[in-house]
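Let me begin by presenting the structure, written as structure tokens, before commenting on it.
Nothing in this text is a laboratory measurement; each read-out follows from the coordinates by a stated rule. Quantities reported herein were computed from a predicted structural model and do not represent experimental measurements. When we count neighbours, we look across all protein chains shown, and the Cβ atoms used for this are built from the backbone with ideal geometry, even at glycine.
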Amino acid sequence: MKKVYAIAMTAGVMIAIYLAISRVYPFDWTVVLKYRRVFINGLVMTMSLSGFSLLISFAVGIVFALMRRSSGIFREFAILYVFFFRNTPLLVVILLTYYGLGSIIPFDRFWAAVMGLSAFEGAYIAEIVRSGLDAVDKGELEAAFSLGLTKSEVFFYVHFPQAIRISLPALIGQSISLVKDSSLASVIALAELTMTGRQVGTQTLASFESYLTIAVFYVAVTSILSLIGHWLERRLAIP
């Protein structure tokens, strides 16, 4: 209920700001209607980019979280990976992926953006999952072992599920951040939502309307994700 109230309040504030600005700025929404297919195509590209990146970054994050909890060279490599990507701007990561790695292994803009986003977000997810694994009560693990479960069974049936439940709010927040971060793919001219809005604004000189439209799209998508996340939190909450 709090999430719905917060979203409603945000919508109310946005409407109030719009009404105030409309007193001094003559909005022309016919431009948005004329280029509606362009905006929809950009939204589809953003959702595709975010979806692929989210799946890969979760896989990467889980693997590196486990490596962080191991020993030897795997642990050191995971520490280096997390340190590098958490201290490098995402914009630079995307440029390095497209212009650097892309000059060695040819691939299109979409997959360059997916790789850059996945590597960057994976570092944050790795830390979230690692913290969740560390936060699981050791008493529960000892109880599982006392029942005769093997080490792998304890991990897959007790330790990991509990860690994901503990980490869920942070993972949802990171997923929402990924959707917003996907806008930086416009720097390599990928025709996602931000890039299409910029192109429409440049062609029609209606930049305000174009950017306001893509802002509404982003707010709508992230609000839906937030509501889904809130539902999952309540459903999977630890009693």
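Descriptive notes on the structure:
- Count of Lys pairs (Cα-Cα under 27 Å; at least 8 positions apart or interchain) in the chain: 4
- Rounded to the nearest whole angstrom, the semi-axes of the ellipsoid equivalent to the range 73-200, taken from the Cα gyration tensor as √(5λ), stand at 37, 17, 12, largest first.
- Interatomic Cα distance distribution for the chain, bins of 5 angstrom, percent: 1, 6, 11, 13, 15, 14, 12, 10, 7, 5, 3, 2, 1, 0, 0
- Positive contributions from Lys and Arg (+1) and negative ones from Asp and Glu (-1), summed over other residues with Cβ under 15 Å from the Cβ of Arg69, come out at +2.
- Axis angle, to the nearest 10 degrees, between helix 109-135 and the longest C-alpha principal axis of the chain: 40 degrees.
- Relative to the longest principal axis of the Cα atoms of the chain, helix 207-235 runs at roughly 30 degrees.
- Principal-axis analysis of the Cα atoms of the chain puts helix 2-22 at an angle of about 20° to the longest axis.
- Structure-based [θ]222 nm, the chain - -39500 (n - 2.57) summed over DSSP H runs of at least 4, per residue, nearest 500: -25500 deg cm²/dmol
- The mean sequence separation of alpha-carbon pairs under 8 Å and at least six residues apart, normalised by the residue count of the range 31-162, gives a relative contact order of 31 percent.
- Sequence-separation-based contact order of the chain, relative, with Cα cut under 8 Å and 6+ spacing, percent: 27
- Taken as Cα centroids, the range 129-161 and the range 184-198 sit 43 Å apart, rounded to the nearest whole angstrom.
- Highest average first, the peptides 195-206, 22-33, 215-226 ordered by how many other beta carbon atoms sit within 10 Å of their residues are 195-206, 215-226, 22-33.
- Euclidean distance between Cα centres, the range 80-126 to the range 1-75, Å: 19
- Cα gyration tensor shape of the range 6-143, rounded if a/c is under 1.5, else prolate or oblate by comparing a/b with b/c: oblate
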